[in-house]
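Have a look at the structure below before the remarks.
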Ligand code: GLN
């Protein structure tokens with residue numbers, strides 16, 4: 001067996017940074033010349049997070065193969081720079097879905113279908129699918145969502161308990177992330193929550209091998225000894241995961257602790273010495289900017305920053321590429337109108353309108369876009385942001401008064417953005433999804449599609465190549481009936497599908513930087529390799545600031 005498995009569970013409470021910890025460990029193992037993949041197992045009943053409100057769950061991350069996934073997959077891609085697929089995320093809902101489908105087909109030959117073994121076997125087969133094929137990775141990290149002790153997480157924990165004996169002790173490692181609070185008034189770290197959490201794990205048959213302690217400051221040696229003693233782990237297997245200002249410092253912090261080295265030893269991995277230069281350079285560049293730009297993000301989900309996770313990171317990456325720090329000003333689009341734009345966007349060097357669904361806040365986005373266009377402030381519109389830019393231009397420049405998207409006004413005479421029914425009939429790659437088109441889940445244009453880039457455009461100046469692939473998640477499209485008139489008025493369609501039937505990028509050539517794209521470039525941005533459109537947007541903002 002080639003692939004070694006690392007299971008990461010979380011204790012005490014949620015939001016301890018399990019995803020970032022798993023991704024950072026993966027990145028460190030990569031620097032030791034090991035190939036790594038990561039999978040997230042989510043205990044909720046939704047088949048995927050695609051139908052969840054961003055306020056509930058944060059961003060829906062989209063993979064090349066069109067899976068709507070947990071936002072932790074975004075961290076995995078950003079830290080590992082390996083494309084994720086539908087294989088890298090599954091939920092209780094998806095597991096039950098496939099078990100029930102098999103039961104209906106009669107695959108279980110009359111057996112009583114139960115959590116153990118049927119649900120747990122299905123989970124195990126999803127985990128083991130990562131190691132299938134020629135290019136099976138050296139290491140598969142499996143992050144189990146939720147907190148140990150949750151009822152809904154039990155089948156997943158039982159599955160990883162079984163996997164340890166199925167695969168052999170030398171091939172599996174259990175890492176448990178807990179919280180070790182520091183009580184200021186007592187002047188000490190407290191280990192009791194960790195002890196309780198490990199006790200909970202032990203009661204379901206899982207002995208952690210490594211304990212990773214989320215803490216404000218590094219945990220003193222005697223506390224580590226105490227945790228090791230009470231939790232049955234090696235003394236040198238208790239590590240601190242300290243709070244960091246910049247999330248990209250985490251791999252280096254873990255390295256200083258000797259975390260990845262211990263993992264490599266315990267799993268007997270053929271690890272080389274870590275090569276950290278790229279991570280060191282990244283952290284150095286982040287800490288030493290040569291300037292500062294302020295970008296306004298005009299959206300509906302601004303109260304929950306998690307809803308724009310990849311976008312936030314992509315802007316940071318754009319800043320790193322231009323050696324400027326990027327300050328983000330989240331503006332609630334529902335509060336914007338023509339009367340307050342000047343004061344709201346004062347001091348902003350760029351305005352970005354991100355993706356979204358539904359009419360609420362759309363008029364505010366359009367007002368913000370008009371302000372950016374008329375005042376020559378760099379503007380970047382993504383998905384709904386591009387659609388709003390088209391509407392704004394159609395209304396205020398082409399004077400098509402009631403211009404709108406079919407999503408917001410079915411009666412408009414000028415539906416510049418519309419539902420392209422043929423999409424679902426002829427072009428949807430995934431037949432199952434097309435057949436389920438009456439459901440809300442998975443009925444969009446999802447995943448990677450090619451896009452032709454026209455020469456001598458801002459898009460081309462960004463990508464520097466004639467064709468790219470970008471990821472989509474939307475139902476509505478630019479309406480080609482309006483291409484001609486908007487072109488006459490000065491809009492340029494600089495990115496189109498290979499057969500020219502779909503507009504993917506629009507820009508305004510007589511503006512310093514005004515560009516909208518129908519896809520979501522933020523999903524493909526990397527800390528060490530900023531997405532070209534974000535790099536150029538921040539470059540334009542830097543110029544504007546100067
Ligand atoms: N609501 C728009 C559509 O479905 C935009 C979607 C998005 O921004 N992701 O086309």
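Taking the stretch 464-478 only, how many residues are away from the ligand (no atom under 12 Å from the Cβ), closer than 30 Å to residue 59 by Cβ and surrounded by fewer than 20 Cβ atoms within 10 Å (Cβ to Cβ)? Show your work before the answer.
Step one: list which residues in the stretch 464-478 are away from the ligand (no atom under 12 Å from the Cβ), which gives 464-470.
Cutting the leftovers down to closer than 30 Å to residue 59 by Cβ gives us 464-465, 467-470.
Now restrict to residues that are surrounded by fewer than 20 Cβ atoms within 10 Å (Cβ to Cβ): 464-465, 467, 469.
Of the residues in the stretch 464-478, 4 are away from the ligand (no atom under 12 Å from the Cβ), closer than 30 Å to residue 59 by Cβ and surrounded by fewer than 20 Cβ atoms within 10 Å (Cβ to Cβ).
Please go through (1) without any contact (Cβ under 8 Å) to a residue 24 or more places away in the chain; (2) within 16 Å of the ligand (Cβ to nearest atom); (3) touching a helix residue (DSSP H, G or I) at 6+ places or on another chain (Cβ under 7 Å) for residue 416 and return the number of the only condition it doesn't satisfy. All conditions are met except number (1). Pairs meeting the criteria (first residue in the stretch 450-467 and over 13 Å from residue 500 (Cβ atoms), second residue part of a loop (DSSP other than H, G, I, E, B), beta carbons under 7 Å, at least 6 apart or on different chains) are 458/513; 460/454. Against the list (1) touching a residue at least 40 places away in the same chain (Cβ under 8 Å); (2) surrounded by 15 or more Cβ atoms within 10 Å (Cβ to Cβ); (3) over 16 Å from residue 3 (Cβ atoms), the condition residue 115 fails is (2).
For residue 490, indicate whether it is surrounded by fewer than 16 Cβ atoms within 10 Å (Cβ to Cβ) and in contact (Cβ under 8 Å) with a residue 12 or more places away in the chain.
Working: surrounded by fewer than 16 Cβ atoms within 10 Å (Cβ to Cβ): yes; in contact (Cβ under 8 Å) with a residue 12 or more places away in the chain: yes.
Yes, satisfied.
Does residue 65 satisfy the criteria of being in contact with a strand residue (DSSP E or B) (Cβ under 7 Å, 6 or more places away or on another chain) and under 29 Å from residue 252 (Cα atoms)? Talk me through it step by step, then tell me what you get.
Values: in contact with a strand residue (DSSP E or B) (Cβ under 7 Å, 6 or more places away or on another chain): yes; under 29 Å from residue 252 (Cα atoms): no.
When the stated conditions are applied, residue 65 does not pass them.
Of all residues being in contact with a helix residue (DSSP H, G or I) (Cβ under 6 Å, 6 or more places away or on another chain) and assigned to a loop (DSSP other than H, G, I, E, B) in the stretch 346-384, which is nearest to the ligand (Cβ to nearest atom)? Just the residue, please. Write out each step before concluding.
In the first step, residues of the stretch 346-384 are kept if they are in contact with a helix residue (DSSP H, G or I) (Cβ under 6 Å, 6 or more places away or on another chain); the result is 349-351, 353-356, 361, 364-367, 369-371, 378-381.
Next cut, assigned to a loop (DSSP other than H, G, I, E, B) only: 349, 354-356, 361, 378.
Numbers: 349: 24, 354: 7, 355: 3, 356: 5, 361: 12, 378: 20 Å.
Looking at residues that are in contact with a helix residue (DSSP H, G or I) (Cβ under 6 Å, 6 or more places away or on another chain) and assigned to a loop (DSSP other than H, G, I, E, B), I get 355.
Scan the stretch 446-466 and tell me whether some residue there is modelled with pLDDT under 95 and over 25 Å from the mean Cα position of the chain (by Cα). Checking the stretch 446-466: not a single residue is modelled with pLDDT under 95 and over 25 Å from the mean Cα position of the chain (by Cα).
Residues being more than 15 Å from the ligand (Cβ to nearest atom) and under 26 Å from the mean Cα position of the chain (by Cα): count how many of those fall in the stretch 328-345.
Start the filter on the stretch 328-345 by keeping residues that are more than 15 Å from the ligand (Cβ to nearest atom), which leaves 328-332, 334-345.
In the following step, the residues that additionally are under 26 Å from the mean Cα position of the chain (by Cα) were identified as 328-332, 334.
Number satisfying all stated conditions: 6.
With the structure loaded, tell me whether residue 112 is in a loop (DSSP other than H, G, I, E, B) and at pLDDT 95 or above or whether it fails that test.
Working: in a loop (DSSP other than H, G, I, E, B): yes; at pLDDT 95 or above: yes.
So residue 112 passes the test.
Checked against (1) at positive phi; (2) part of a helix (DSSP H, G or I), residue 133 passes all but condition (2). Regarding residue 390, is this residue in contact (Cβ under 8 Å) with a residue 60 or more places away in the chain and within 16 Å of the ligand (Cβ to nearest atom)? Yes; evaluated as a whole, the condition is true for this residue.
For the stretch 183-193, the criterion of being at pLDDT 95 or above, buried (at least 20 other Cβ atoms within 10 Å of the Cβ) and not in a loop (DSSP other than H, G, I, E, B) is met by no residue.
The values are calculated or read from the model by the stated rules, or taken from the named source; none is laboratory data. As the structure is a computational prediction, the values presented were derived from the model and not from experiment. With ideal geometry, Cβ positions are generated from the backbone for all residues, glycine too; neighbour counts draw on all protein chains shown.
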